[in-house]
Amino acid sequence: MAGRYDKNPFDEEEVNPFSDPAVKGKTSSQSNYSGGAFYTTNPGSVAPASNSRLAPLNPEPADYNYFGATVDIPLDSSKDLKKKEKELQAKEAELKRREQEVRRKEEAAARAGIVLEEKNWPPFFPIIHHDIANEIPIHLQRLQYVAFTSLLGLVLCLTWNVVAVTAAWIKGEGVKIWFLAIIYFIAGVPGAYVLWYRPLYRAFRTDSAMKFGWFFLFYLLHLGFCILAAVAPPIVFKGKSLTGILSAIDVIDDHTVIGILYFIGFGLFCLEILVGIWVIQQVGMYFRGSGKAAEMKREAARGTLRAAI
């Protein structure tokens, strides 16, 4: 019968971590399992075994916040808000003061007759102020536009002159004529704007008699240069630095293509002369009809009297 009560080698011992270790050792050493019942080696004492389990933990609420618990960031205190409000008010007061100062300067400049001109032409690279539609009287706008066409025509003539003379230089006509063509362009375009176009623009805008006189003087010089360029007499380097009729005839015998370029330049200078004659005629008619001629004579007389005194 001893074999019946032997210890089962496949029995797994259940351990209760909350039990007394002394009792645990005693119980494990005295109890045996056989046939679904527990027996002890001591027949005088029988101790039933109990199935021990860990107590389940309390369930935690599901958290759907992937970033963890939210942290409340305190806003600025009322003291900081008042400080920022004072700073904004100070900046606003400074801006108003500067705006008033700028307006005061503009009014002073307007009273002194100083006109602030903002550069707005050409649109892609503004270098001059030009606003005929808003600054020139309606009955003079057409004449001013034609005068502006005359200025652009001079730019075209001198640009084409550089192209034709450059071609002649490449074909062996010498580098001196090319340098002269560059000088004509560099001096002619800005000179025309400063000496006669801007005085005419301001004369129409301010109705100044002295500005008209300045325009007539230098526009006559402009027409004289255009006539000289259209003829191109053999004065300076046989006249080949200008694309006139005589230079074209001289060049076309040796180089047909270059001669054609010179003839085109001659035609452009002729068109510039025709436009210039119309402009100076119309400006002269307005000048005499508006009484500016008499006013100019009176101003000239006053100037002579002041110089004499």
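The values are calculated or read from the model by the stated rules, or taken from the named source; none is laboratory data. It should be emphasised that the depicted structure is a prediction, and the values quoted were computed from it without experimental measurement. As a convention, Cβ positions derive from the backbone with ideal geometry for all residues, glycine included, and neighbour counts pool all protein chains shown. Note: accessible area is taken over every heavy atom of the protein model, side chains too, but ligands, DNA and RNA are not part of it. Shrake-Rupley method; radii C 1.70, N 1.55, O 1.52, S 1.80 Å.
Diffusion coefficient (Stokes-Einstein, Kirkwood radius over C-alpha pairs, 20 °C, 1.002 mPa s) for segment 158-297: 132 µm²/s, rounded to a whole number.
Expressed as a rounded percentage, what relative contact order does segment 85-231 have, with Cα pairs under 8 Å and six or more residues apart? Display every interim value, and only then the final one.
Values: 82 pairs, mean separation 21.5, N = 147.
Relative contact order, segment 85-231: 15 percent.
In this structure, the amide hydrogen of TRP121, modeled 1.01 Å from its nitrogen in the peptide plane, lies closer than 5 angstrom to those of ILE127, ILE128, HIS130, counting only residues at least 5 positions away or on a different chain. For the pair ILE227 and TRP121, the difference between a 0.36 nm per residue extended length and the Cα-Cα distance amounts to 35.3 nm.
The label-point distance for ILE235 and ASP207, in a model that sets each label 7 Å from Cα toward Cβ, rounds to 4.1 nm. In terms of accessible area, using a 1.4 Å probe and ignoring ligands and nucleic acids, ILE252, ILE177, ILE138 rank largest first as ILE138, ILE252, ILE177. Once both labels are positioned 7 Å from their Cα atoms along Cα-to-Cβ, the gap between GLU92 and ILE128 label points is 4.6 nm.
Within a Cβ distance under 15 Å of PRO233, other residues only, what is the Lys/Arg minus Asp/Glu net charge? Neighbourhood net charge equals +1.
Ligands, DNA and RNA aside, VAL162 has an accessible area near 30 Å² when probed at 1.4 Å.
Could you tell me what percent of the accessible area of segment 96-202 is made up of carbon and sulfur, with a 1.4 Å probe and every protein chain present? With neighbouring chains kept in place, the figure for segment 96-202 is 64 percent. For segment 81-175, lysine pairs separated by 8 or more sequence positions, or belonging to different chains, with Cα-Cα distances below 19 Å total 5. The residues packed around TYR184, meaning those with a beta-carbon under 15 Å from its beta-carbon, carry a net charge of +1 if Lys and Arg are +1 and Asp and Glu are -1. A simple spin-label model places the labels of VAL146 and VAL257 3.9 nm from each other, with each point 7 Å out along Cα-to-Cβ.
Counting 0.36 nm for each residue step from SER290 to LEU156 and taking away their Cα separation leaves a gain of 44.9 nm.
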